[in-house]
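Notes follow the structure.
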Amino acid sequence: MTALKLLSRTKLYWGLIAIFLIGVLGSPVSSKGNNIFLSYGNLLDVLRQVSTTGLIATGMTAVIITGGIDLSVGSLMAICSVVCAMLLTVPGVTPGVVLGVPTVALVALCLGFIVTRFVFLNLEKSRAGADASRDARLDRARGLVTPAIVGVVLCCLSLWYLLPQVEPKFGVLGVLLVAPCVGLLFGALNGFIIVAGRLQPFIVTLAMMVTALGIARLTAGQNNAVLPVYTGSNATEDFELLRSMVFGVVPMPGLFFLGAILIYGAVLRFTPFGRYVYAIGGNEEAARLSGIAAGRVKIVTYAVSGLLAGIAAVLYVAQYRQGKPDAGAGLELDAIAAVVIGGTSLMGGRGSLTGTFCGVLIFGLLSNILQLHNINSNLQLVLKGMIIIGTVLVQERNAGDLLAYLRLPGAAHKETAAAKRSSQETRSLNLGGNKK
């Protein structure tokens with residue numbers, strides 16, 4: 001029984017190993033007889049290709065664990081890619097500047113206020129002790145004045161750094177600051193509308209998906225379906241760094257993806273915020289009654305999802321040398337598929353970023369294997385869809401129920417086991433009632 005439980009808990013890793021072995025054994029060979037799938041360059045290409053989806057899936061994981069969904073991340077990545085490309089290639093005041101710079105100032109103001117107040121509040125809770133921690137209150141100086149001053153200072157510093165870059169065009173650090181802030185603002189707006197309006201995440205993020213797509217097209221302009229970015233020509237040569245190899249070992253996009261997985265994974269696993277995320281997904285009403293600020297936690301998860309979409313947009317522009325209003329079309333579905341393949345339940349309350357990492361790699365390796373064998377792109381979509389359905393059935397342990405429903409081999413055993421469990425549960429209830 002212990003071996004079966006261990007196998008059940010590690011089935012995701014076995015799936016990743018199985019996909020990898022299929023790739024190794026079925027790989028074509030080069031003219032020199034080398035295994036193409038196992039070549040270092042090919043594996044690095046897989047990591048580079050999954051990095052964009054992986055960053056978005058990282059933010060999506062926490063959103064789904066809370067019981068929500070974010071359909072807008074693809075459009076948010078698109079609008080951030082347009083802003084990034086425009087800041088890099090077009091000097092002067094442009095729609096990208098008008099949208100991006102005030103957004104950074106607003107985000108700096110809000111973050112400075114919120115973080116400072118959060119620090120003061122936790123210091124007050126520590127001073128008051130465990131018994132009075134929930135009733136801790138801040139005076140006007142620490143609760144309003146000082147956080148506001150810190151927010152204004154951060155806002156001024158961000159403007160002092162960004163405004164001189166408007167006329168000569170932005171550099172790498174500038175776009176790495178502006179694009180993620182744009183994504184963070186739209187993501188936080190998603191969360192705020194969901195919480196304040198008590199609306200379904202599906203509806204809100206679907207509306208945001210359409211809205212962000214329209215804003216991206218308006219920002220790019222009617223005549224700009226694509227904004228080309230040529231490093232060393234119409235953009236700074238330093239931007240090439242974001243598509244380079246770090247020490248000749250790991251591609252820069254892969255480093256961003258791995259860093260996001262490690263940092264956000266540690267936050268979800270070892271901090272109170274992470275425990276709140278799981279508690280809200282398990283039972284939001286119970287979490288709220290226990291004193292958890294469920295609304296704030298949900299807003300933060302959507303804000304982080306938008307932030308990571310903005311970072312993914314910058315890496316997309318660096319890798320494909322362009323920004324497009326439809327850059328993230330369909331990417332939200334790939335991210336959701338990777339998260340679900342990784343074992344995160346769409347019902348909320350269960351999942352991990354370790355599983356998401358494996359799900360992203362499974363998706364990437366599968367695509368790479370199909371491409372190496374020159375499988376028709378349409379057939380690739382069919383195979384991916386079938387694999388997603390099969391994986392979710394296994395993850396949710398519903399494969400046996402499906403066999404029983406279809407009356408396939410193994411159905412009788414499943415029905416017998418189900419009947420036995422039902423009989424045992426009924427007997428336990430009867431015994432409990434007799435004891436009472």
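The table below lists the values:
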| read-out | value |
| --- | --- |
| Probe 1.4 Å, accessible area per residue of region 255-365, Å² | 39 Å² |
| Rg/Rg_ref, the chain, where Rg_ref = 2.2 N^0.38 Å and atoms are Cα | 1.11 |
| Count of Lys pairs (Cα-Cα under 27 Å; at least 8 positions apart or interchain) in the chain | 10 |
| Using alpha carbons only: equivalent-ellipsoid semi-axes of region 45-123, gyration tensor based, whole Å | 26, 24, 12 |
| Volume of the Cα convex hull of region 211-349, divided per residue and given in Å³ | 143 Å³ |
| Per DSSP, loop trypsin sites (Lys or Arg not before Pro) in region 174-252 with at most 16 further Cβ within 10 Å | 198 |
| Spin-label proximity, residue 255 to region 153-189 - amide N less than 18 Å from point 7 Å beyond Cα toward beta carbon | 172-177 |
| Carbon and sulfur %, accessible surface of the chain computed with the full protein complex present, 1.4 Å | 66 percent |
| Evaluated over region 159-260, the Cα radius of gyration and Dmax, each in Å | 17.4, 49 |
| Two-decimal log10 I(q)/I(0) for region 287-395, as the Debye equation yields it once each C-alpha is a single scatterer, q = 0.10, 0.15, 0.21 Å⁻¹ | -0.40, -0.83, -1.29 |
| Where region 92-191 is the region considered: accessible area per residue in Å², 1.4 Å probe | 54 Å² |
| MRE, 222 nm, helices only [DSSP H, n ≥ 4, -39500 (n - 2.57), over the chain, to nearest 500] | -24000 deg cm²/dmol |
| Region 42-180 - Rg (one decimal) and Dmax (whole number), Cα, Å | 19.8, 59 |
| Inter-label distance, nm, simple model (7 Å from Cα along the C-beta direction), residue 39/residue 198 | 6.0 nm |
| Gained length - residue 329 relative to residue 346, 0.36 nm times residue gap less alpha-carbon distance | 4.0 nm |
| Sites residue 372 and residue 156, calculated FRET efficiency, Cβ-Cβ separation with R0 45 Å, nearest 0.05 | 0.25 |
| At 1.567 mPa s and 4 °C, Stokes diffusion of region 283-322 via Kirkwood alpha-carbon radius, µm² per second | 107 µm²/s |
| Total charge dipole magnitude, the chain, about the Cα centre, Cβ charges on Lys, Arg, Asp, Glu only, Debye to nearest 20 | 1440 debye |
| Extension reserve of the residue 93-residue 141 stretch, reckoned as 0.36 nm per residue once the Cα distance is removed | 13.5 nm |
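The values are calculated or read from the model by the stated rules, or taken from the named source; none is laboratory data. Bear in mind the structure is a predicted one, so any value in this text is a computation, not a measurement. Neighbour counts are summed over all protein chains in view; Cβ atoms, including those assigned to glycine, are modelled from backbone coordinates with ideal geometry. To get the accessible areas, we keep the full protein, side chains included, count just its heavy atoms, and leave off ligands, DNA and RNA. Shrake-Rupley method; radii C 1.70, N 1.55, O 1.52, S 1.80 Å.
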